[in-house]
Amino acid sequence: DYKVEMCAIGNGTASRETEQFVADILKEMDEEIYYLIVNEAGASVYSASDLAREEFPNLHVEERSAVSIARRLQDPLAELVKIDPKSVGV
């Protein structure tokens, strides 16, 4: 079993609506779970890359993007080095 402590929400399209949805759900839960808005710049580039397909061959591109956003919360540098700096606005 996994013990969820944090939920990563990408800052892209509908992020505010998603934030409100997640916040409402978390209020109803007994566990103490937090959420954080994560910069998702370049996540779509990674999710469509050969590396992402190799790492997660059974996931759809949207699911790989979600994995990338969650990983940025855990270890931002390790995730960002997989992406061309131009794709993250550097």
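The values are calculated or read from the model by the stated rules, or taken from the named source; none is laboratory data. Keep in mind that what you see is a predicted model, and the values were worked out from it rather than measured. Methodologically, a virtual Cβ is constructed for each residue, glycine included, from the backbone with ideal geometry; neighbour enumeration extends over all protein chains shown.
Brief remarks on what is shown
- Considering Glu40, Glu63, Glu19, the condition of being closer than 19 Å to Val88 by Cβ and of a type in the set (Asp, Glu) is satisfied by Glu40 alone.
- Some residue of the stretch 17-30 being within 20 Å of Lys86 (Cβ to Cβ) and either under 10 Å from the mean Cα position of the chain (by Cα) or among the charged types (D, E, K, R) (or both): no
- In summary, helices (runs of 4 or more DSSP H) completely within the stretch 30-90 and bearing 2 or more residues that are surrounded by 18 or more Cβ atoms within 10 Å (Cβ to Cβ) occur at 43-47, 61-74, 76-80.
- Which numbered condition Leu26 misses (of (1) surrounded by 14 or more Cβ atoms within 10 Å (Cβ to Cβ); (2) at pLDDT below 95; (3) of a type outside the set (D, E, K, R)): (2)
- Long-range neighbours under 6 Å by Cβ, at least six apart or interchain, first residue under 15 Å from Asn11 (Cα atoms) within the stretch 69-84, second assigned to a helix (DSSP H, G or I): Ile69/Ala43; Arg71/Glu79; Arg72/Glu79
- When Glu40 is tested against (1) of a type outside the set (Gly, Ala, Ser); (2) farther than 20 Å from Ala78 by Cβ; (3) touching a Gly at 6+ places or on another chain (Cβ under 7 Å), only condition (2) is not met.
- Of all the criteria given as (1) of a type outside the set (S, T, N, Q); (2) under 17 Å from Ala8 (Cβ atoms); (3) out of contact with any helix residue (DSSP H, G or I) (no Cβ under 6 Å at 6 or more places or on another chain), the one not satisfied by Glu28 is (2).
- Here Cys7 clears all of (1) surrounded by fewer than 15 Cβ atoms within 10 Å (Cβ to Cβ); (2) of a type outside the set (Ser, Thr, Tyr); (3) not in a helix (DSSP H, G or I) except the condition numbered (1).
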